[in-house]
Amino acid sequence: MMYALIYDEHEPSEIAKKVLSVHETRAEAEKALEDRQHSLKRRVWDCNARIVWVEGEVRKGEFIPRNSFSTWRPGEEIPEGELGTDSE
């Protein structure tokens, strides 16, 4: 079980996502996302990447099915700003 940074163009028809990197902690994954942002010279939401929690073990470069990951680890404290929907 680990955190992964995945490539995600937010296409509902995609059945799998490419793993860009894997991390033991959310903080490490957030640093990787920040590094990607800086290397692409884009804002985070323009990097087509997001952090997910993966139940199984994955490797960089693999494709993982949509049903094998979630945004938050079970029991993880979700920041208050992340609790609402995008439509609010």
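Every number here is computed from the coordinates shown, using simple stated rules; none is lab data. Small disclaimer: the values here were computed from a predicted structure and weren't measured. A quick note on method: Cβ atoms are made from the backbone with ideal geometry, for glycine too, and the neighbour counts reach across all protein chains shown.
The smallest convex shape that holds all Cα atoms of the chain, its convex hull, gives 109 Å³ per residue.
Counting only residues at least eight positions apart within a chain, or on another chain, the lysines with an alpha carbon under 17 Å from that of K31 are K41, K60.
Scanning the chain for trypsin sites (Lys or Arg not before Pro) that sit in a DSSP loop and have at most 11 other Cβ atoms within 10 Å, the longest stretch containing none of them is 1-40. For the chain, relative contact order (Cα pairs under 8 Å, six or more residues apart, normalised by length) works out to 34 percent. Placing +1 on each Lys and Arg Cβ and -1 on each Asp and Glu Cβ, with no other charges, gives region 2-75 a dipole about its Cα centre of roughly 160 debye.
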